[in-house]
Structure formats: C-alpha cells, structure tokens
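Participant: Before I ask anything, here is the structure I am working with.
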Amino acid sequence: MSNRSQKMYGKAAFALVFAILIVLITYSIFIGTVDIRSYFLPLLPSPPPGAQPLCATGPPLKVYMYDLPRRFNVGMLNRKSTEQAPVTARTWPTWPRNSGLKRQHSVEYWMMGSLLFDGDGGDGRAAVRVSDPELADAFFVPFFSSLSFNTHGHHMTDPATEIDHQLQIDVLKILGESKYWQRSRGRDHVIPLTHPNAFRFLRPQINASIQIVVDFGRYPHVMSNLSKDVVSPYVHVVDSFTDDNHSNPYESRTTLLFFQGRTFRKDEGIVRVKLAKILAGYDDVHYERSVATGDNIKASSQRMRSSKFCLHPAGDTPSSCRLFDAIVSHCVPVIVSDEIELPFEDEIDYTKFSLFFSFKEALEPGYMVDQLRKFPKDRWVEMWRQLNAISHHFEFHYPPEKEDAVNMLWRQVKHKLPAVKLALHRNRRLKIPDWWRRRK
C-alpha cells in the first residue's frame, strides 16, 4: 500500500473515531450522565465547603407595587408624622432599634424595601419593581398588617383596634377598584401576614392571594396552605454570631440544651409547661421562664452562643422566632413541634443542621436529654458548620443582599406563580367553572 493510501486511510479512521466520540458525548449529555461543563468549562469555581446547592432562579421576578399612602405602612413607624405621600427609596426609614418583638413580624417592611431599592437588578436580587402593571409577574400590596395589629390596639378589647379594622376596609376598597385585582381575584397578589392576628377582621376576603405567613397554625386549609402560600422565617431578634470561628466549638459551648422564654402558651404551646417539668434537675440544661425584654434578649443571645443545642418547642402557633434566633447563633436547633412548616424547604434540608422530636418523644422522661448527650461530636460539628454556611439565608437586609431572606422569599413567590397562571388561564375559557367537581 502506498504512503498516500495509508494517509488517506489514517485520516478516515481518525474522522470515524472523532465522529463516534461526538455521538457518545452528545448521547451522554442528552440522557444526563455527562455534565458538558466538565469538558468545556473546567475552571468554573466550585461552591464553598458546606454550602447548600440552591435552585437556579433565572431573571428576577417583575413585581408591581401599589402606591399606598404611608398610613398603610411606614407611617406606623413614626405616628407623629403627618406625611401621607407614598414612600420612596430616598425617604425610606430605617427600622427602629427599640421596637422589641415587633421586629420579629417585620417581614412586610423588608419585602417592601427590597422593591423600593434603586439597584439595577444585576446584584443578585430575585425581584425588581416595575412601574407598568402590564409588565408585572406579580403584584405586591404594601400594607403592614402585622405592624397594624401590634400598633393599633394590640389587645382585642382595646377601642384603638378599630383603626386596624378601618385600614383593612380601606386597603380592600383600593384593591377592589384595581382591574388587576379584579382580573385575577387577587391570585397573583402578594400580601405579607406574618402575625397570626394580621388582617384578622377581613382575612377571608384575601384567601385567594399569595400570603406570606410563618405557619398555618391559626387558619383552615381553605384560607392558607402550602400549595399557594409562602412560609417565611421570623425576623430574628438576637444579634447574629458573625465571628463564630472557634477552633473547638463543641467544647467551647458548655451548656447542652438551652431554652429561655414564655412557658404558658395556647394550643400546642402547652408542651412548654410539660417540658419545664421534664427538663428540671439537669446540670447541663438551662430551661428558664422569662419575657422578652431588651436585657433578656441580650442574655438569651449570649447563652445561645454558649450552648450546643437550642430547644424550639411550639408556642401559640407551631413556630416561633426562637428557631431563627438559634440558627443565626449557630446553636443546633432541637425542634419539638408536630405541625411545623419551615421556610425554603424546597432548597434547604433542615435535617442537616437540626434535630426533630415528636411531642411524645420529648415528653418521655429522660429520653431527649439522653439522645442529646449521646449525639456524636463529629456530627454536631458538621451541623455547626452547616449553620455557618446557611445562616445568611435567614438575614433580612436593606439594601437586599444576594440570597438573603428577602430574596429567598421572592424566589418562593416565583415558584407559586405557574399554578396561579394555570388557574387564571383556565378560568378565562371555562364555561362551567369547576366542572370536574360535579362529576359523580
């Protein structure tokens, strides 16, 4: 065979082998066994150790926010002011430092602030404000319903509670006159309701909306449920543990289990009184009845930082701020609540940094303390590392920061919208609404 023929056969063989490799790689990518980035993007940075892989978000959510007078929102932060023009980024007030427990229900404030911020959307934000409602994916109602309850007649028998009632009437009137509310019957409208008594007079009238709640403890499923609503964290009231870099964190935390708070609560919260008896007499357990004063919150913060585990029993509702205080203190949460729902659970696996006990298990004398004492040190350290890695998802900031709590909430809202659009599109063409329910 001539040299020319050998070269021709060699080129043909090389081309055949190359073609086969291309086919194999393409097929592997198609069936999901090969990540094309490993071939063509070998220098992509890896996620930091311990970081949770989070869902891809795509472009930011486009949100139209109603321009409500200040009496519906930030006017309640400064009741001496008579200014009623809608607040802007330039006039946005800081959250008052001496607000006490009102802060834990302030999700509405941080969500509104995130939309007012003048950033360009290229800063990791999950939602941006649009001025044209025709361009909006969702609509935000900036009524501070939780702050309204806490400000206008906190006690149900207080005559001032009528102010809260009237604000609810007024905001529903504004929404009822909006063609966008009428178009969807409120289904694509986002309303924060993190206090269990928020919007309590007229809440059934906003049932269809996407509600931002901390749990579902007070309401039937037809009013609030996971299929349409978003579970939010409470805004933590203790200071974040930002320099938790001890070389031996397990040994530095000398208290095994810590709890400080009210023990006489309603509904599932009755478990707190029973736990007080069960946990009495242990030298390495701190279980203290107290109220949330400024000094007590500071003391609680220090004790959480010196404890391995922080107890989170149900309160008046299945959840409480205490869980998120523990997370930002990097104290492994011990959750005793049979009906709790947790924020961002499609993106965050709580079992990697929390322990769960049923009411029955927690109330068995000696059982929970024995399990915690036997818990392996290396597993605890790994949970502590996970808490360090994920605690930023439970921080509320203005301006908003990438993957902070506000951006995580807007991502959750985005996840709810496909079902909203499905319902809207079907209702527009159905001649017999809900026909399938009539079939026998």
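Participant: From the mean inverse distance of alpha carbon pairs (Kirkwood) and the Cα radius of gyration, derive Rg over Rh for segment 227-330.
Facilitator: On the way: Rg = 14.3 Å, Rh = 14.6 Å.
When Rh is taken as the Kirkwood radius, the ratio is 0.98.
Participant: Moving on to the next point. On a C-alpha basis, how far is the centre of segment 266-313 from the centre of segment 151-197 in Å? Whole number, if you could?
Facilitator: What the calculation gives is 35 Å, centre to centre.
Participant: Hey, got the dipole for segment 255-393? About the Cα centre, +1 on K and R Cβ, -1 on D and E Cβ, debye to the nearest 20? Write out the running numbers ahead of the final one.
Facilitator: Working: 19 positive and 20 negative charges, 128 e Å.
My answer is approximately 620 debye.
Participant: Just the accessible area per residue of segment 255-393, please: how many Å² with a 1.4 Å probe?
Facilitator: Working: 5900 Å² over 139 residues.
For segment 255-393, the per-residue accessible area is 42 Å².
Participant: Continuing with this model, one more query. So how do R187, R303 rank on accessible area, 1.4 Å probe, biggest first, that is with the largest at the start? Don't skip to the answer; put the middle values down first.
Facilitator: Numbers: R187 65, R303 85 Å².
Listed by decreasing accessible area, they come as R303, R187.
Participant: Let me ask something else about it. Run down the lysines and flag those whose C-alpha is under 29 Å from the C-alpha of K374, throwing out any fewer than 8 positions away in its chain.
Facilitator: Qualifying lysines at Cα under 29 Å: K274, K277, K308, K352, K360.
Participant: State whether segment 255-393 is rounded, prolate or oblate according to the following rule on the C-alpha gyration tensor (a ≥ b ≥ c being the square roots of its eigenvalues): a/c under 1.5 gives rounded; otherwise a/b larger than b/c gives prolate, and the remaining case gives oblate. Don't jump to the answer; show the numbers that get you there.
Facilitator: Numbers: a/c = 1.25, a/b = 1.20, b/c = 1.04.
Rounded is the answer for segment 255-393, as its axis ratio a/c remains below 1.5.
Participant: Moving on to the next point. Counting Lys and Arg as +1 and Asp and Glu as -1, what is the net charge of the other residues whose Cβ lies under 14 Å from the Cβ of A198?
Facilitator: Values: positive: K102, R200, R203, R218; negative: E108, D164, D215, D229, D316.
My count for the surroundings of A198 gives -1.
Participant: Work through the residues other than F139 whose Cβ is under 15 Å from its Cβ and net out their charges, Lys, Arg +1 and Asp, Glu -1.
Facilitator: Numbers: positive: K62, R129, K179, R183, R185, R187, K228, K414, K416, K421; negative: D67, E108, D132, E134, D137, E177, D188.
Residues near F139 contribute +3 overall.
Participant: Taking all protein chains as present, what is the carbon and sulfur share of the accessible area of segment 255-393, in % to the nearest whole number, probe 1.4 Å?
Facilitator: Values: 2810 of 5900 Å².
That fraction is 48 percent.
The values are calculated or read from the model by the stated rules, or taken from the named source; none is laboratory data. Please read all numbers here as calculations on a predicted model, not as lab measurements. Please note: Cβ atoms are built from the backbone with ideal geometry, for glycine as well, and neighbour counts cover all protein chains shown. Accessible surface is based on the protein model in full, side chains and every heavy atom, while ligands, DNA and RNA are left aside. Shrake-Rupley method; radii C 1.70, N 1.55, O 1.52, S 1.80 Å.
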